[in-house]
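Inspection log for the structure reproduced underneath, given as structure tokens.
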Amino acid sequence: MAKDPVCGMKVDEKSARYTSVVNGEVYYFCSDGCRRDFQKDPSKYVHHHAGRT
């Protein structure tokens, strides 16, 4: 299960209706509202850590 980076809700990758790709990484969302908030400012929600793939 993925975690919606906006609201923190768990999202099943296989059935997720809302996704976005940033720097080659796919993000999954519980709703179009969360996806739109993310797309307005992905850097607010994307935190890259050393060693993360």
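What follows is calculated from the coordinates using simple rules that are stated; it is not laboratory data. Bear in mind that the values here come from a model prediction, so they are computed numbers and not experimental data. Heads up, the Cβs are rebuilt from the backbone with ideal geometry, glycines too, and the neighbour counts pull from every protein chain shown.
Structural remarks
- Qualifying positions in the stretch 6-43 - assigned to a loop (DSSP other than H, G, I, E, B) and polar (S, T, N, Q): 15, 23, 31
- Residues satisfying the stated conditions in the stretch 1-22, i.e. closer than 16 Å to residue 41 by Cα and touching a residue at least 24 places away in the same chain (Cβ under 8 Å): 4, 5, 6, 7, 22
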